[in-house]
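K.L.:
The structure follows.
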Amino acid sequence: VPPAEFILSSLDDLLYSQLGLFKTISNILGDHPLAGGQKSVREKLEKIRRLFTEARAPQQVVDTLLELNRRLPGDARIFRPALPYEDLPNFAAAGFMDSPVSTSQEAAVVAAMMAGWASYWNELPFMARVQHGLGHFDYLPGAALMQLIIARAAGNMIISEKEVVISAVHGQGQ
């Protein structure tokens, strides 16, 4: 398991508050986010993602992230957003968000964070929240900033009350 520093969803909440994203995103989505069909939903989500990727992250958020970055060894990073609802019963949402890879350089780590949090507004996690009746602002993601380790194989283990499922893939390099 690579070294990691954990970022609480409260930091994401601070980002939303300081950038005025709660109101802006609510205005983009409107009262009926699915109105206009799939093309309209995709356009809305793209507009929301740009709010993150084109924004300058608030200094308090940047300072916290960069302090965590300094604690990690090596020069490669992966920003892994985690949804608080990704392991609910009958709802496996792990992997719904992007996990951007970057160097440990400050600007690259901040860009990876913003891209990772923007992916909360990708179509798959958005539609999963809609289909399961989850409020879009009720479950803002936390994250882990991890040292990226170049590996010959990578895997995942999911544990439930009834079984343990282990999957591995050769040659992913992360």
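K.L.:
Tally up the residues in the range 52-62 that are touching a residue at least 60 places away in the same chain (Cβ under 8 Å) and open to solvent by less than 80 Å² (accessible area, probe 1.4 Å), please.
P.N.:
Taking the range 52-62 as the starting set, the residues that turn out to be touching a residue at least 60 places away in the same chain (Cβ under 8 Å) are 52-53.
Subset that is open to solvent by less than 80 Å² (accessible area, probe 1.4 Å): 52.
Total meeting the criteria: 1.
K.L.:
Which members of the range 63-77 meet the condition of being touching a residue at least 12 places away in the same chain (Cβ under 8 Å) and open to solvent by 20 Å² or more (accessible area, probe 1.4 Å)? Step through it out loud before you land on a result.
P.N.:
The initial filter retains those residues of the range 63-77 that are touching a residue at least 12 places away in the same chain (Cβ under 8 Å), namely 64-66, 68-69, 71-77.
T64, R71, P73, G74, D75, A76, listed by residue number.
K.L.:
Filter the range 22-46 down to the residues that are under 23 Å from the mean Cα position of the chain (by Cα) and of a type in the set (A, V, I, L, M), then identify the one that is most open to solvent (accessible area, probe 1.4 Å).
P.N.:
L34
K.L.:
Which one of G135, G116, G142 is within 30 Å of K39 (Cβ to Cβ), open to solvent by less than 40 Å² (accessible area, probe 1.4 Å) and either out of contact with any strand residue (DSSP E or B) (no Cβ under 8 Å at 6 or more places or on another chain) or in contact (Cβ under 8 Å) with a residue 40 or more places away in the chain (or both)?
P.N.:
On the way: G116 fails: either out of contact with any strand residue (DSSP E or B) (no Cβ under 8 Å at 6 or more places or on another chain) or in contact (Cβ under 8 Å) with a residue 40 or more places away in the chain (or both); G142 fails: within 30 Å of K39 (Cβ to Cβ).
Being within 30 Å of K39 (Cβ to Cβ), open to solvent by less than 40 Å² (accessible area, probe 1.4 Å) and either out of contact with any strand residue (DSSP E or B) (no Cβ under 8 Å at 6 or more places or on another chain) or in contact (Cβ under 8 Å) with a residue 40 or more places away in the chain (or both) holds for just one of G135, G116, G142, which is G135.
The values are calculated or read from the model by the stated rules, or taken from the named source; none is laboratory data. Computed from a prediction, not measured in an experiment: that's the story for all the values here. Neighbour counts run over all protein chains shown; Cβ positions are idealised from the backbone, glycine included. SASA here: full protein model, heavy atoms, side chains in, ligands and nucleic acids out. Shrake-Rupley method; radii C 1.70, N 1.55, O 1.52, S 1.80 Å.
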